[in-house]
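Since every read-out is calculated from the coordinates, none of them should be taken as a lab result. The structure presented is a predicted model; accordingly, all values stated were derived computationally and were not measured. Cβ coordinates were reconstructed from backbone atoms using ideal geometry, including for glycine residues, and neighbour counts include every protein chain displayed.
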Amino acid sequence: MPAPKLLAALPKPILFGLYGAAGGLLGALVFGELLWYLLRPPVATAAAPEPRVAVAVARDVEVFVEARRPCSRPSGRPPSPSRPTEPRAKLR
């Protein structure tokens with residue numbers, strides 16, 4: 001059986017490669033489906049367990065306003081106070 005006109009224009013190594021790829025895919029599908037039918041795992045018959053949620057929460061929560069805790073600033077930079085500790089002198 002000659003190759004269709006579209007495929008006949010291809011060089012023989014590429015044509016044989018395409019035929020080999022198509023045959024390999026077809027063989028994998030046929031034998032793969034047959035093996036899956038024979039060796040597939042059994043269907044689960046037990047009911048699925050009821051989902052449970054486990055949550056851990058601390059009783060005491062410390063809230064930091066304006067992110068003034070020491071670990072919130074990048075390392076190597078001194079903290080920049082959001083409110084000055086000393087009153088500033090007024091400029092004239």
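Taking 0.36 nm per residue of sequence separation and removing the Cα-Cα distance, the Y37/Y19 pair yields an extension gain of 3.8 nm.
Counting neighbouring beta carbons within 10 Å and listing from fewest to most, the residues L26, L6 come out as L6, L26.
Full extension of the segment from V30 to A48, taken as 0.36 nm per residue of separation minus the current Cα-Cα distance, would add 3.1 nm.
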